[in-house]
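Report on the structure given below.
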Amino acid sequence: MVARATIKHCQAIGDDVSAFTRQELDISNGEQVFEVFAREKPDAVINCAAYTNVDGAETNQDLCFAANAVGVENLALASKKYESAFVTISTDYVFDGAKEEFYTQRDTPNPQSVYGKSKLEGEIRARNAYARSIIVRSGWIFGDDGTNFLSVMHELLADRKQIKAIYDAYGTPTFAEDLATRLRELAELDMPCIFHVTNSGSGASYEEFARKVCEIKGFDKNLLDSVSNNTLKRPAPRPKNSRLACLFSQKFGLSPLPNWEKALEVFLKVKRQK
Ligand SMILES: NC(=O)c1ccc[n+]([C@@H]2O[C@H](COP(=O)([O-])OP(=O)(O)OC[C@H]3O[C@@H](n4cnc5c(N)ncnc54)[C@H](OP(=O)(O)O)[C@@H]3O)[C@@H](O)[C@H]2O)c1
């Protein structure tokens, strides 16, 4: 999802983009990573690849760590060798969710799931391997080609499917296209830092997000079953609150990304025209 949005944005502004599927470049394979870098000699690398199946990670730890920790380290090492700017995406799931306010870079990560632990390990390895690494924590991402709940719920609602909407888990929704724009800006800014990147606003619960989808598209809100996070027995624990705020972006002259509700309108409008 984020990779496709990033490719589209970078091509639109005239970058010479090389993009790879997992089959073309398995980031957990160090030899393959160095081969591709030797051929491409990139000025900048934006890593959107990851093992993203949060529940699957609980039983596929090796695969998850191979991509999210070793894979990120491989890219950081190769970026160091070829002096490329290096941006890699991390997650709000590095936090445990116990805090009620927004999480900033002052908060100590304490991931609860295998996925969250693998992403934190990726952050650490990136910075140890290449001090120039730029780490972008984001969360609750929605967009074209997304298969997660936030990206597909409008299709379920359009089909009049009844959906469970959690009222007591909070995050900061982020439109993949806005994130892509910021990833590109950060590659150019080249400041070795951990950034928190989300759309603006005070965040939302899944239920609030779903209600907004209904409002924008005119769907029946009775299709939403309001449920507690605890009632969904999913293999991986999720943070109850993982809203992110950034201490640095504005200090570095970056303007806030649009409000998530406006971003959702843009996403759903594009969908309507298809
Ligand atoms: N979606 C969210 O809400 C969310 C929230 C916070 C952070 N993030 C982070 O944002 C980034 C982008 O997420 P996304 O939602 O765009 O993910 P996505 O749609 O699931 O795409 C991930 C891509 O990575 C590829 N991949 C997996 N293992 C790989 C490997 N070893 N080598 C090369 N490619 C590999 C996958 O290929 P296959 O499909 O072939 O396996 C897939 O194309 C990830 O770092 C993710 O952890 C996402």
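The values are calculated or read from the model by the stated rules, or taken from the named source; none is laboratory data. These numbers come from a predicted model, not from an experiment. Neighbour counts run over all protein chains shown; Cβ positions are idealised from the backbone, glycine included.
Only one of the numbered conditions (1) at pLDDT below 95; (2) among the charged types (D, E, K, R); (3) in a loop (DSSP other than H, G, I, E, B) is violated by Arg238, and that is (1). Pairs meeting the criteria (first residue in the range 115-131 and more than 16 Å from Thr91 (Cα to Cα) and modelled with pLDDT of 95 or more, second residue buried (at least 21 other Cβ atoms within 10 Å of the Cβ) and of a type in the set (Phe, Trp, Tyr), beta carbons under 9 Å, at least 6 apart or on different chains) are Tyr130/Phe86. Taken together, the residues in the range 126-171 that are away from the ligand (no atom under 14 Å from the Cβ) and either assigned to a helix (DSSP H, G or I) or among the acidic types (Asp, Glu) (or both) amount to 10.
Quick grid of which residues meet (1) part of a helix (DSSP H, G or I); (2) near the ligand (Cβ under 10 Å from one of its atoms); (3) surrounded by fewer than 15 Cβ atoms within 10 Å (Cβ to Cβ):
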position: Thr21; (1), (2), (3): no, yes, yes
position: Glu24; (1), (2), (3): no, yes, yes
position: Ser28; (1), (2), (3): no, yes, no
position: Gln32; (1), (2), (3): yes, yes, no
position: Arg39; (1), (2), (3): yes, no, yes
position: Phe65; (1), (2), (3): yes, no, no
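Quick one: in the range 96-125, which of the residues that are outside any strand (DSSP E or B) and touching a Ser or Thr at 6+ places or on another chain (Cβ under 7 Å) is farthest from Glu83 (Cα to Cα)?
Filtering the range 96-125 down to residues outside any strand (DSSP E or B) leaves 96-102, 104-125.
Cutting the leftovers down to touching a Ser or Thr at 6+ places or on another chain (Cβ under 7 Å) gives us 97, 116, 119, 122-123.
Working: Gly97: 36, Gly116: 28, Lys119: 23, Gly122: 19, Glu123: 19 Å.
Filtering the range 96-125 for residues that are outside any strand (DSSP E or B) and touching a Ser or Thr at 6+ places or on another chain (Cβ under 7 Å), the one farthest from Glu83 (Cα to Cα) comes out as Gly97.
Here Cys214, Cys246 are screened, and the one residue that is at negative phi and assigned to a loop (DSSP other than H, G, I, E, B) is Cys246. Regarding Asp92, is this residue at pLDDT 95 or above, within 13 Å of the ligand (Cβ to nearest atom) and closer than 17 Å to Ser242 by Cα? Taking the combined requirement at face value, the residue satisfies it. With respect to the conditions (1) over 15 Å from Glu121 (Cα atoms); (2) within 14 Å of the ligand (Cβ to nearest atom); (3) more than 16 Å from the chain's Cα centre (by Cα), Thr59 falls short on a single one, namely (2). Give me the residue from the range 41-55 that is closer than 13 Å to Ile27 by Cβ and part of a strand (DSSP E or B) and, out of that set, nearest to the ligand (Cβ to nearest atom). Here the answer is Asn47.
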